[in-house]
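Taking it in order: structure first as C-alpha cells, then the write-up.
Just so it is clear, none of the values below were taken in a lab; they were calculated from the coordinates. The shown structure was predicted, so the numbers you read here are calculated from the model rather than taken from an experiment. Here Cβ is always computed from backbone atoms with ideal geometry, including for glycine, and neighbour counts include all displayed protein chains.
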Amino acid sequence: MIAFLARRLIGAVLVLIAVSFITYLIFIKIPGGDPAQRIAGRTATDANIADIRAKLHLDDPFYAQYWGMMQSLFNGSLKSYASQLNVVNEIKKGIPATLSLCIGAGIIWLSFGILVGVISAVTAGRASDRLITVFALIGISMPVFWLGLIARYFFAQGHPFALLPDGEYVPLTTNPWQWFVHLLMPWWVLAVLFIGFYGRVLRSNILDTINEDYVRTAKAKGLSRNTVLAKHVLRNSMIPIVTLFGLDFAAVVGGSAILTETVFNLHGVGQYAAESTQNLDLPPIMGVTIYATFFIVFFSVLVDVLYAWLDPRIRPT
Amino acid sequence: MATESTTDFTLDTAAELASEEHGAIEGKSPWLLAWRRLRRNYVALGFLLLFVAIVVMCALAPVYASQIAGTGPNEVHLGETFTRDGEQIPVVSKGGFVNGKFVAGGIPVGPQLWHAGGKYVFGADNLGRDVAVRLLYGGINSLKIGIGSALICTIFAILFALLAGYYGGSVGWIISRFFDLIWAFPVLLLAIALGTALSINGFHHFGINIEAGSLWIPTLVISFVLIPYVGRPLRGQILSLREKEFIEAATAQGASPFRVMLSELTPNIASSVLVFFTLIIASNILTEAGLSFLGAGVQAPNASWGTLIADGQDRIVTAPWLAIIPGIAIVLTVLSLNVFGDGLRDALDPRSKVRIER
C-alpha cells in the first residue's frame with residue numbers, strides 16, 4: 001500500500017510538471033500577445049518595452065522563463081501581466097466561493113442522485129421509473145450556463161418570482177444566511193446535471209447487484225426487503241458512485257464550475273481563469289491550471305485509496 | 001466402458017431435429033439481432049427521427065431564409081417595420097408611447113410564430129435580425145462542430161486504442177501516458193486555453209494553415225481534449241480481446257498486426273464505438289456551447305447556438321427569447337442523441353436490456 005501510494009504521488013508530481021509545461025507552451029508563442037507591449041501601454045518607447053522585457057525575463061530562453069514562473073508561483077510572488085495583481089492572492093480570494101459552490105452542489109447531487117437512483121431501481125419498469133429516466137435524460141442534456149440563465153430569469157428577475165438574489169457571492173463569515181440564499185440557485189443548477197447522471201448509474205448498478213447470489217442468500221435467510229436493499233445491495237452498488245463522485249468533485253473544483261461561476265458572477269477561481277484566458281494573461285492561467293490539476297490528481301489518488309479500502313478484493317497493483 | 005447409443009448425438013443432429021419441428025434455422029448476425037431489438041424500441045427511434053429532423057431543418061436554413069423569412073442571418077433591420085394582421089409593427093421599438101402604452105426604446109419584437117407570415121417566427125434580436133433564421137444557421141455550425149469533432153475524436157481514439165492495446169510495451173506506455181496527461185488536465189480549462197489562443201491568430205505550423213475565425217479551431221480543440229474519454233475504455237476492451245483465442249488463431253495463421261487490428265479487433269469494438277460516437281456528439285455540442293458562451297469557441301461573424309445564448313444573456317430581462325430559444329434547440333438535439341444512444345446501447349448489448357427490463 002505504501003509503495004502504491006508513493007508511486008501514485010510521484011506520478012502525480014510528474015503530471016503536474018507536464019501539465020504546467022504544456023500550458024506554458026500553449027501560451028508562450030501566441031503572436032500579438034506580447035505582455036511587455038501591453039504593460040507598457042500605447043505610448044511606450046522601444047526602450048520602455050525593452051526595460052519591461054528585461055524585468056519580466058521575457059528575453060530568456062523559454063525553459064528558463066518557465067522555471068522562473070514556476071518559482072515565483074510557488075513562493076507566491078507571481079503577478080498578472082494585465083492587472084499586476086498577485087496571482088496567488090487572487091486564487092486564494094476565489095477559493096471560498098468555488099469551494100462553497102462545489103461542496104454544496106456536491107452534497108445535493110450525491111444525496112439526490114442516490115435517492116433518485118434507489119427509487120427508480122426499486123420501481124424499475126413502472127411509471128415513476130420512466131418519469132425519473134425522462135427527467136434524468138433532460139437533466140444531462142441541458143447546458144449548465146443556459147439553465148443558470150433561465151433560473152435567474154424565473155426566480156431572481158421577477159418572471160414570475162423575485163425570491164432569490166440574482167448572482168454574486170456573499171462570504172459565509174459575513175452573513176451565513178445571505179451566503180446560503182445567494183448560493184441556493186447556483187448549487188441546484190450545478191447539481192441538476194449530475195443528479196440525473198448519478199441516478200442512472202446507481203439504478204443500473206443496483207439492478208446488476210440484485211441478481212447476485214449473495215442477495216438471494218440474504219433473502220432466503222428471511223431478511224426483510226429493506227434490510228437486504230440497504231445492507232447488501234446498496235452498499236455494493238455504491239462503490240462505483242464513490243469513484244465517480246471523487247473524480248467529478250475534483251473536476252468541478254478544478255475548473256468545470258467555470259460556467260456556473262460565470263453565469264452567477266460568483267468571482268470564484270473558475271471565473272478568474274475564464275477572465276484571464278480572455279485577456280491571454282499567462283501567469284494567472286498557469287496558477288489556476290496548477291491549482292486545478294492539483295485537485296484532479298490529488299482526488300484521483302484519494303479515490304484509488306478509498307476504493308481499495310471499500311472493496312478489499314481490489315488490491316492496488 | 002461400452003456405450004449403448006448407436007448414433008452419435010452432435011450439434012448437427014440438434015439442428016436437424018429443430019429444423020424438423022420449426023423449419024430451417026437461419027443464421028442471424030449480431031447486427032441483425034441488434035437491429036431487430038432497436039426496431040422495437042419506438043422511443044429511441046422517435047428520438048432518432050427528432051435528431052434527423054433537426055439536422056434536416058438546419059440544412060434547409062438557406063431555403064427557409066430566402067423563401068419564408070425573406071432575410072439573411074446577418075441582415076440588420078433597424079428602423080424597419082413588418083406587417084402583422086394588417087398592422088405595421090417596428091422590428092425594434094423606437095421608444096415612447098404606442099397606442100397609449102409606454103414602450104422602452106431598443107426592444108426587439110418578440111416571437112410572432114405564424115402571425116406575421118413566417119417573418120420573425122422566434123422574434124428579432126437587438127439589431128432586428130430574424131432569430132429563427134439565425135437559429136438555423138447557428139445550428140449548422142453547432143452540428144458541424146459537434147459531429148465533426150465526434151468523428152475526429154472517435155477516429156483518433158480508435159487508432160490510439162488499437163496501437164496501445166495491441167502493442168503494449170513502449171508504444172502502449174506512451175499512448176497511455178498521453179491519455180493520462182489530457183485526462184489530468186481540467187478539460188474545460190484546456191479547451192478554453194487552446195480555443196482562445198488559437199482564435200487570435202489561427203494555427204500556422206507543420207504546414208497546416210487554419211484561419212483565426214475558422215470553425216476548425218473549436219472542432220479540433222474539442223476533439224483533442226475528449227480523445228482519452230473514448231480512447232481509454234476502448235483500450236481496455238482491446239486489452240481483454242487481445243488475450244482471446246481467435247486473435248491467437250489469427251496470429252498463428254500468419255496474419256500481420258495490421259490485419260489483426262483491422263479485421264479482427266476493430267469489428268469487435270464496433271458496437272461500443274457506435275454508442276460512444278452517438279453520445280460524444282451530444283457531449284460535444286454541449287462543450288461547444290460552453291466554449292462559445294465563454295468566447296473561446298465560434299467567433300463572430302459566425303454564430304452557433306452557444307454564441308446566440310451568450311449574445312442573448314444581457315437582454316434576458318427585455319428579450320428573454322434570445323437566450324431561451326437557442327437553449328431549447330440545444331436541449332432537444334442533445335436529448336435526442338442521448339435517448340437514441342441509450343437505445344442503441346440496449347440493442348447492441350442485450351445483457352443490459354434483459355437486466356433492465358426484468
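Evaluated with a Cβ-only charge set (Lys, Arg +1; Asp, Glu -1), segment B:171-297 carries a dipole of roughly 120 debye about its Cα centre, given to the nearest 20. Within chain A, the longest run free of trypsin sites (Lys or Arg not before Pro) that sit in a DSSP loop with at most 13 other Cβ atoms within 10 Å is A:127-220.
With a cut-off of 15 Å between beta carbons, the residues surrounding residue B:178 carry a summed charge of +2, where Lys and Arg count +1 and Asp and Glu -1.
Counting other Cβ atoms within 10 Å as a rough exposure proxy, the listed residues B:321, B:305 run B:321, B:305 from fewest neighbours to most.
Charge tally around residue A:153: other residues with Cβ under 13 Å, Lys/Arg +1 each, Asp/Glu -1 each, net 0.
Could you tell me which helices of chain A pass both thresholds, a Cα extent of 27 Å or more along their own axis and a mean Kyte-Doolittle hydropathy of at least 1.6, with helices taken as whole DSSP H runs?
A:2-28, A:282-310
Checking the cross-link pairs A:55/A:92; B:119/B:144; A:221/B:244; A:219/B:28 against a 31 Å limit on the alpha carbon distance flags A:221/B:244; A:219/B:28 as lying beyond it. Averaging the sequence gap over all C-alpha pairs within less than 8 Å and six or more residues apart, then dividing by the number of residues, gives segment A:115-257 a relative contact order of 25 percent.
Inter-part distance, segment A:222-278 to segment B:220-294, computed on C-alpha centroids, equals 26 Å.
Only Lys, Arg, Asp and Glu count, each charged at its Cβ (+1, +1, -1, -1), so figure out the dipole size of chain A about its Cα centre, rounded to 20 debye. Rounded to the nearest 20 debye, it is 1180 debye. In terms of other Cβ atoms within 10 Å, A:77, B:214 run from fewest to most in the order A:77, B:214.
Calculated from DSSP H runs of 4 or more alone, at -39500 (n - 2.57) each and per residue, what is the 222 nm mean residue ellipticity of chain A, nearest 500? Roughly -23500 deg cm²/dmol at 222 nm, from the helical runs in chain A. When segment A:204-262 is described by a simple charge dipole with +1 on each Lys and Arg Cβ and -1 on each Asp and Glu Cβ, the residue from A:220, A:237, A:260 located farthest towards its positive end is A:220. Please say if chain A is rounded, prolate or oblate, where rounded means a/c under 1.5 for a ≥ b ≥ c the square roots of the C-alpha gyration tensor eigenvalues, and otherwise the choice is prolate for a/b larger than b/c and oblate otherwise? Here chain A falls in the oblate category.
Under a Cβ-Cβ cut-off of 14 Å, what is the net charge of the residues other than residue B:247 that fall near it, where Lys and Arg count +1 and Asp and Glu count -1? So the environment of residue B:247 carries a net charge of -1.
Which of the chymotrypsin sites (Phe, Trp or Tyr not before Pro) found in segment A:143-180 are in a DSSP loop and have at most 12 neighbouring Cβ atoms, other than their own, within 10 Å?
Details: sites: A:145, A:146, A:153, A:154, A:155, A:161, A:169, A:177, A:179, A:180; in loops: A:161, A:169.
Sparse-neighbourhood loop chymotrypsin sites (Phe, Trp or Tyr not before Pro): A:161.
By other beta-carbon atoms within 10 Å, ranking A:275, B:248 with the fewest at the front produces B:248, A:275.
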